[in-house]
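The values are calculated or read from the model by the stated rules, or taken from the named source; none is laboratory data. Predicted model only: the values in this text are computed from it and were never measured. As a convention, Cβ positions derive from the backbone with ideal geometry for all residues, glycine included, and neighbour counts pool all protein chains shown.
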Amino acid sequence: MNKKTNVLGMLCFGMSLIGFAQEQVNSTKVEQLDEVVITDSRFALKRENSGKSVIKISKLDIERNQGRTVSELINTQSGIEINGSRSNAGQNLGVYARGGRNRQVLVLIDGIQVNDPSQINIEYDFRLLNLNQIESIEIIKGAASTLYGSGAASAVINITTKKASNKGVSAVFSSSFGTNQAESDQNYNIADFNNSVALSGTLNKFTYRAAFNNQFTDGLSAAISDANEKDAYSKYGVDVNLGYKFNKAFSLNVYGNFTDTNSEIDGFNSSFALVDTDDEFNNEQYRVGISSKYQYRNGSININAAYSEYEREFISSFPSTFKSKNYVLDVYNKYVLNKMFYTIVGLNAIENKAEFTNDVRFNIIDPYANFVYVSDFGLNVNAGARLNNHNEYGSHFTYNINPSFTLKSDDDSYTKVFGSYSTSFITPSLSQLFGNFGANPDLDPEENRTIEAGAEFKLNNNLRVTGLFFNREEQSTVLWINGGYSNATDKLNARGVEIEVNATPLEKLSVTANYTFTEYKESLARRIPKHKANLQLGYDLCETTFASLSYQYTHDRFENSFVPLLDSFSLVNFYVSHTALKNKIKFFGGLDNILNEDYEDVPGYTTKGRNVRLGFQLTL
């Protein structure tokens, strides 16, 4: 990069340091006061009445992290490690929650399950998402199969997309650019570009929202190498949502999205050593669905249905293509009695299909019920059951019981103690049963049990502290052993502690922090840090300007018997933004890995060093 470009980049970054966009100074306090949680019960309940430690990533939190990816944002939360989120943009992601793996974490988009049936762990690829199109994210940890079915063993991540504007016509344009460089190659070339545009509005009873986003990233090799080889990544996506409110009682939404990603990747030579290659990975997702609600006096009847198609292609010396599709239907009735009893009864049906040597499929049909009791003297109970009916594995019963007790004060303070006992049921994936590599059609389903106990304390709107202990037991865990999949003969026990702190010690200063301790009783946990901590300090420089400094510590991690422990590392990031023209335009900037830490996230693959990004968002 020449000197003129360097000077220009520094001037632009210096101008962005003027501030960070934000609502009024007291917006955080208002949000905490009115905070409700949904995912743990499917009802909008005050946080103090929830028996779970729910992580809420709000609209404001997302606005304060513009330019980041969904996986980077989730990776800062307690109890979760997204392996690969700090690497090349095309790096595969491993989602680990409470010692669990991808297949034990269920992802929802607007309340309905999403996954790729051809994936080994039936996971959903977070790279298909764009943070600019997301309104909020809720995360509950522990077994949640009662409400959400097979796969919800260690966590549920519920992503809510943005809704249409209340105006007749509204447009939002976002753009950012920055560097994409490793610790050893600090050249500050601009190599990461993100753009999105969304058009939405409300015309009488009709709502509409259409969005387009694209990303191009270059400058970083997938594998660690001395060669000056770069692996590019590109993505574009289209989202459309149309809604109509027929009357006060009945509304209907129809939506669809398409995402295409292309990754240049590195592979293995004939000796199975990781080297620079000209390999590629392409991934396409098509998804359409409907959601409808009929409201009556004390409840509502809801119907959600979605159809998805996925196609993944690996272009290499060992080419392969994977195609899959799935159908999801969720019908449920919600009823509230006297603002004390909240009930939900539903039926969830899923069919997964995948193409391997032959076309294979399985289907699951689950009736379920859940019950919430909110007393006026502090006792709250969340309990439910589900009968999982699998065409290959027959019927399996899962349940949960989650009591809590809250002592409230007149100044919006409270002390809450809670506990839960939950079970879950995970069927082997189609790839593990019938795929091209190590398949075993005789696999047994995996069973999980989670025990949790904790407490939460809130003082006015200035402090909230949550702490809990969990113990999760796995039985018949599906593992890769001696070139194929088989069930573990021994039970595995993951246990740990999670602590979260949210505080506003000064009017303009916000502090969020979390710490997670995770371990297996019987063995080392692969790619899961025993200790992980996050700290973020945010400060309102003025009414329209905000800046934050964040720190993340990740303890050393076990890989396998052939790879030594990956060393621990620390990352420091800075973020700043400023709004102008009556909040119509927002400028933001970020400096990640300020100390240019050298570390490995995935063995053998490159990680990001110090990087800079700048951007803006225009709302019309």
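On the given criteria, is residue 450 buried (at least 19 other Cβ atoms within 10 Å of the Cβ), in contact (Cβ under 8 Å) with a residue 24 or more places away in the chain, closer than 17 Å to residue 147 by Cα and touching a strand residue (DSSP E or B) at 6+ places or on another chain (Cβ under 8 Å)?
yes
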Take residues that are under 17 Å from residue 431 (Cα atoms) and among the hydrophobic types (A, V, I, L, M, F, W, C) and tell me which of the strands (runs of 3 or more DSSP E) falling wholly in region 295-398 contain 1 or more.
299-315, 320-337, 341-355, 359-374
Search result, residues across region 202-222 that are part of a loop (DSSP other than H, G, I, E, B) and not acidic (Asp, Glu):
204, 205, 219, 220, 221, 222
So the check is Cβ under 8 Å with 6+ separation or different chains; which pairs have a first residue in region 504-528 that's over 19 Å from residue 567 (Cα atoms) and a second one that's among the hydrophobic types (A, V, I, L, M, F, W, C) and assigned to a loop (DSSP other than H, G, I, E, B)?
507/25; 508/25
Of all residues in region 564-620, count the ones that are touching a Gly at 6+ places or on another chain (Cβ under 6 Å) and either among the hydrophobic types (A, V, I, L, M, F, W, C) or free of Cβ contacts under 8 Å to residues at least 12 places away in the same chain (or both).
5
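Determine if region 188-201 includes at least one residue that is polar (S, T, N, Q), touching a residue at least 12 places away in the same chain (Cβ under 8 Å) and in a loop (DSSP other than H, G, I, E, B).
yes
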Considering only region 578-609, state which residues are over 24 Å from the mean Cα position of the chain (by Cα) and surrounded by 19 or more Cβ atoms within 10 Å (Cβ to Cβ).
578, 579, 586, 587
Select from region 320-378 the residues that are in contact with an Asp or Glu (Cβ under 8 Å, 6 or more places away or on another chain), farther than 30 Å from residue 436 by Cβ and buried (at least 16 other Cβ atoms within 10 Å of the Cβ) and list them in ascending order.
346
Quick test for you: out of 467, 496, pick the one residue that is more than 20 Å from residue 428 (Cβ to Cβ) and in contact (Cβ under 8 Å) with a residue 60 or more places away in the chain.
496
Give me the residue from region 399-419 that is outside any strand (DSSP E or B) and either in contact with a Phe, Trp or Tyr (Cβ under 9 Å, 6 or more places away or on another chain) or without any contact (Cβ under 8 Å) to a residue 40 or more places away in the chain (or both) and, out of that set, surrounded by the most Cβ atoms within 10 Å (Cβ to Cβ).
413
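In the set 500, 519, which member is at pLDDT below 95 and either in a strand (DSSP E or B) or under 27 Å from the mean Cα position of the chain (by Cα) (or both)?
One residue alone meets the criteria, 519.
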